[in-house]
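K.L.:
Next up is a structure, given as structure tokens.
The values are calculated or read from the model by the stated rules, or taken from the named source; none is laboratory data. Computed from a predicted structure; not experimentally measured. No Cβ is skipped: glycine too gets one built from the backbone with ideal geometry, and neighbour counts run over all protein chains shown. Surface accessibility is based on the protein's heavy atoms, side chains included, excluding ligands, DNA and RNA. Shrake-Rupley method; radii C 1.70, N 1.55, O 1.52, S 1.80 Å.
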Amino acid sequence: MEIGCENLDFSRLINVRGNVDNITPHKIAVVAFIREYGLLKIEAKTMINCTMAPKYRKDFCILALKLIQCPDMEFKDLETLLTDGRYNLLSVHLENFCVRLKNIHVNGISALMDCVTSTVDKLMIEQSETNPCTITRSSVLGFYLRRIMLHLDKLTFVQVVALYKSFCLYYQKGRPGLMMRSLSKERLNNMESTVGVPSIGSPSLPEESKPQEVFTRMNLIERENSLEECRWSRKQAELFTAQQANLLQINERKALPPKQLQKTIMQIMNDIPEYSDIHFLSFLNCIRMKEFCGAQDSLYNCFDRTVFNICANSNNMNDKNKNFRYAALNRAAMHTQFGHFFGPVEGPSSGSAYFEIFAFASRLALMTIITKGDSINYHHSMTDLTMAGLANTAALWSLYGKTEMASISCQLLLNLNTKCTVGASSVWQWSEACAVAGAGAASVAAWRGESGLAAALLSHLQHRPPAPLRAVAARHRAAAALLAGKWEEAELNIRQLASLDRWESQLLKAEMYFLRGDAMDALETLQDILDYCKTEDDSLHFAPLRLKAMILMSQVQLSYSVSQSTNILLLNEALSWAKKFHLHYLAATVEMHIANVQLHMGCAKNALVLVRKVLPLIMAHGSAYDMARGLLLYTKCRIATSPPSGEARIQVFQSCCEALESVKENFCKIGAQVRLLQTWYIQAQLYNDVGNIAARNQCAWMYRQLETQNPVDLSNMLHIMY
């Protein structure tokens, strides 16, 4: 027997229960709230010179829309919402509302049915000159009331009884409430006789129909036949999903806490199991909590249900293909969030393909492509893509060593007007791109030696998503402690950084070993870093780390090795690697180290030529520390190549003494005590050679004061050459 699989009707597999709004006690209470306002408005129109103030009309409309859109709430929560002063509501409106609910509770099913039907009959009458319509049929309230009445008419008698029983339980849980305590005992006993509006309630039931006996009779109904209470309607779930998904993408702090959000998601899944978008919200929440298994399951569930809906409701192949494409993109984005950048080697996501794509992009001017994309994003006001583009631009400038350009991109992102409206309030977008930009701005401040500004930025942004900011703060503190020679403090911050950036912490640890004089430990740690970088397929991603490790290894070898041939080979390899990937600043740093080696090998003129070539880039984009030691190396090269005697030699030394003032200022700014001592010593020697005894004595005195205040192991000075 042949089966026509292509004619399979998937619509039979879909549960359509989610498209039906079940009637709940909360919805009945909302209808009563709308009903009493409409009756007051009608009564005000019949009276001479009597109108309802605009503030009451406005707040009622806002509150009614909120009650329609929000999920069901307990009666005590509704009481709090109506009486906490957030909305301007007439006291007579609240009193009539309370009396209406009391009437339903006391008088039974007929009062409940009458509340809905009389509302539609009295408030949505045909428009005429003598009898204006209070609520139009096509308005938001009109649609809501008509839908409630339609679904109420479809209920069986057993379901109506169960609804009334649920309403009584709902009503009793809220008593005694704030509104109930505000009413006098006489008004409650007299029901509607003193309300001030026409009595449209149903007549009271006989004495034998009071609530206790009603409950006795209703208890005979089996629980299996009771009305299923659905706390979330389809429209409410769609609004909630859209708002929370938007907040998770633009400002995570404004969204519900992860546990509370997941609990609400499970409630919606239970009420509307075929609603696929709620699974995507669960996917975003799992991404937020770095839960890979939950994110993957939620994404697959969303995809499965979306596919079934498309197959059931549309035969358009484009819709199906679009859904498949978005599913693949979301899965790729998920793996990116968890750091899974590569798929199987034999697949089309392999490393070789990646490098081919990157090389192609490099040939096509990557920055030009990003700039063009940014202009399109600006034109269409796509804020999230604009922020991501600026963050990527800042990261690229930083990678290439153009720190000033990276700083400008970070400032542009942080000063971008990202204010948007979510619900009834305004929210500033704060995504991962903003956190990266904040971390970048703090890094630039620390890079320039402005530690106070860096600390202020990190303190201001500490309530934001913390991961990038914590890493920057730990790295900044560790680097400052290393320059000051505070080994215990440096080791503590390096351990904190290890949980956020393992290999960056290893690099700082190797530098700490080197500055302490532990050459073997430093070389062993650096070798571990280099071995890791060589085994990784993503060589470009680890190129800066590899270059920094090679540069530091050359420093260790220069300080502790007699032969410099190996050191020169290592630096040349690093220079070739830096130029290959266009890492301009790291290439300049390598050349400064090559010049330092040349100086120590007696090739002072070659070293001076190389330093003069590289120094402008260091001074333009370098850190305060790099600018100081670059200018210091330039000074050493000038001293080594100065004339042997005469007035020309004195002029060179005088010029070098002036340059060392800038060196001392930068070293002092970042707290590099050892380098500052070294600079004072060199300056004292220069003043001695030119015969300026007073300046020499001043430098010597400052050297002694600094050494007394901050004792430094003099052997460590030998390790620091550039």
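Results for (1) at pLDDT 70 or above; (2) polar (S, T, N, Q), shown as yes or no for each residue.
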site: C293; (1), (2): yes, no
site: Y300; (1), (2): yes, no
site: V307; (1), (2): no, no
site: S314; (1), (2): no, yes
site: K320; (1), (2): no, no
site: F324; (1), (2): no, no
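K.L.:
Further question on the same structure: Check every one of the helices (runs of 4 or more DSSP H) wholly within segment 562-628 and list those with 3 or more residues that are within 24 Å of L677 (Cα to Cα) and at pLDDT 90 or above. Write out each step before concluding.
P.N.:
Details: elements: 565-580, 584-600, 604-621.
Passing ranges, in order: 584-600, 604-621.
K.L.:
How do the pairs read when you match residues in segment 41-62 that are small (G, A, S) with residues anywhere that are at pLDDT below 80 and exposed (fewer than 14 other Cβ atoms within 10 Å of the Cβ), using Cβ under 9 Å and keeping only pairs 6 or more apart or on different chains?
P.N.:
Here the result reads A44/C50; A44/T51, each pair linking segment 41-62 to a residue that is at pLDDT below 80 and exposed (fewer than 14 other Cβ atoms within 10 Å of the Cβ).
K.L.:
Based on what the data block shows, is K534 at negative phi, in a helix (DSSP H, G or I), of a type in the set (D, E, K, R) and modelled with pLDDT under 85?
P.N.:
Working: at negative phi: yes; in a helix (DSSP H, G or I): yes; of a type in the set (D, E, K, R): yes; modelled with pLDDT under 85: yes.
Yes: the conditions hold for K534.
K.L.:
What is the number of the single condition among (1) over 30 Å from G452 (Cα atoms); (2) of a type outside the set (D, E); (3) loosely packed, with under 14 Cβ neighbours inside 10 Å that I639 does not meet?
P.N.:
(3)
K.L.:
Just checking, does segment 96-104 include any residue being buried (at least 21 other Cβ atoms within 10 Å of the Cβ), within 26 Å of P54 (Cα to Cα) and charged (D, E, K, R)?
P.N.:
yes
K.L.:
Please go through segment 430-449 and give me each residue that is charged (D, E, K, R) and modelled with pLDDT of 80 or more, ordered by number.
P.N.:
Going through segment 430-449, the residues charged (D, E, K, R) turn out to be 432, 448.
Within segment 430-449, R448 is the sole residue that qualifies.
K.L.:
Something else now. Determine which member of the set R629, R649 is open to solvent by 50 Å² or more (accessible area, probe 1.4 Å) and either over 45 Å from the mean Cα position of the chain (by Cα) or assigned by the TED database to the domain that holds N572 (or both). Quick ask: steps written out before the conclusion?
P.N.:
On the way: R629 fails: open to solvent by 50 Å² or more (accessible area, probe 1.4 Å).
One residue alone meets the criteria, R649.
K.L.:
Sticking with this structure for a sec: Could you please tell me which pairs satisfy a Cβ distance under 7 Å, a separation of 6+ or placement on different chains, a first residue in segment 637-663 that is farther than 16 Å from A607 by Cβ, and a second residue that is assigned to a helix (DSSP H, G or I) and of a type in the set (G, A, S)?
P.N.:
Between residues of segment 637-663 that are farther than 16 Å from A607 by Cβ and residues that are assigned to a helix (DSSP H, G or I) and of a type in the set (G, A, S), the close pairs are V663/A628.
K.L.:
OK, next. Of everything in segment 681-703 that's buried (at least 17 other Cβ atoms within 10 Å of the Cβ) and of a type in the set (S, T, Y), which residue is nearest to L660 (Cα to Cα)?
P.N.:
Y687
K.L.:
Based on what the data block shows, is N103 at pLDDT 85 or above and not in a helix (DSSP H, G or I)? Steps first, please.
P.N.:
Numbers: at pLDDT 85 or above: yes; not in a helix (DSSP H, G or I): no.
Criteria not met by N103.
K.L.:
Considering only residues that are charged (D, E, K, R) and closer than 20 Å to F581 by Cβ, which ones fall in segment 378-403?
P.N.:
Step one: list which residues in segment 378-403 are charged (D, E, K, R), which gives 384, 402.
Hit for segment 378-403 is K402, nothing else.
K.L.:
Sticking with this structure for a sec: Run down L547, L497, L492 and say which single residue is outside the structural domain of F581 (by the TED database) and open to solvent by less than 10 Å² (accessible area, probe 1.4 Å). Reasoning before the result, please.
P.N.:
Details: L547 fails: outside the structural domain of F581 (by the TED database); L492 fails: open to solvent by less than 10 Å² (accessible area, probe 1.4 Å).
Just one listed residue meets the conditions, L497.
K.L.:
Right, here's the next one. Scan segment 379-419 residue by residue and report those that are on the phi > 0 side of the Ramachandran plot and in contact (Cβ under 8 Å) with a residue 60 or more places away in the chain. Talk me through it step by step, then tell me what you get.
P.N.:
Within segment 379-419, the first condition is being on the phi > 0 side of the Ramachandran plot, and the residues that meet it are 381, 401.
Result: G401, single match.
K.L.:
Can you pull out the residues in segment 374-405 that are assigned to a loop (DSSP other than H, G, I, E, B) and open to solvent by less than 60 Å² (accessible area, probe 1.4 Å)?
P.N.:
Taking segment 374-405 as the starting set, the residues that turn out to be assigned to a loop (DSSP other than H, G, I, E, B) are 380-382, 401-402.
Within segment 374-405, G401, K402 meet the criteria.
K.L.:
Another question, then. Residue check: is A64 part of a helix (DSSP H, G or I), of a type outside the set (S, T, Y) and touching a helix residue (DSSP H, G or I) at 6+ places or on another chain (Cβ under 7 Å)? Give the derivation first.
P.N.:
Working: part of a helix (DSSP H, G or I): yes; of a type outside the set (S, T, Y): yes; touching a helix residue (DSSP H, G or I) at 6+ places or on another chain (Cβ under 7 Å): yes.
Spelling it out, A64 is indeed part of a helix (DSSP H, G or I), of a type outside the set (S, T, Y) and touching a helix residue (DSSP H, G or I) at 6+ places or on another chain (Cβ under 7 Å).
K.L.:
How many residues are at pLDDT below 80 and part of a helix (DSSP H, G or I) if we restrict to segment 1-41?
P.N.:
Keep residues of segment 1-41 that are at pLDDT below 80, which gives 1-22.
The next check asks that each one be part of a helix (DSSP H, G or I); those that pass are 5-7, 10-13, 16-19.
Total satisfying the criteria: 11.
K.L.:
Quick check on segment 539-561: of everything there that is more than 20 Å from Y513 (Cβ to Cβ) and of a type in the set (A, V, I, L, M, F, W, C), which residue is modelled with the lowest pLDDT? So that I can check it myself, show each step before the final result.
P.N.:
First pass over segment 539-561, keeping only residues more than 20 Å from Y513 (Cβ to Cβ): 539-544.
Checking which are of a type in the set (A, V, I, L, M, F, W, C) leaves us with 540, 542-543.
Values: L540: 61, F542: 79, A543: 85.
So the residue we want is L540.
K.L.:
Does at least one position in segment 552-562 carry a residue that is open to solvent by less than 10 Å² (accessible area, probe 1.4 Å) and either of a type in the set (S, T, N, Q) or out of contact with any Phe, Trp or Tyr (no Cβ under 6 Å at 6 or more places or on another chain) (or both)?
P.N.:
Start the filter on segment 552-562 by keeping residues that are open to solvent by less than 10 Å² (accessible area, probe 1.4 Å), which leaves 554, 556.
Applying the additional criterion that residues be either of a type in the set (S, T, N, Q) or out of contact with any Phe, Trp or Tyr (no Cβ under 6 Å at 6 or more places or on another chain) (or both) yields 554.
For segment 552-562, residues open to solvent by less than 10 Å² (accessible area, probe 1.4 Å) and either of a type in the set (S, T, N, Q) or out of contact with any Phe, Trp or Tyr (no Cβ under 6 Å at 6 or more places or on another chain) (or both): present.
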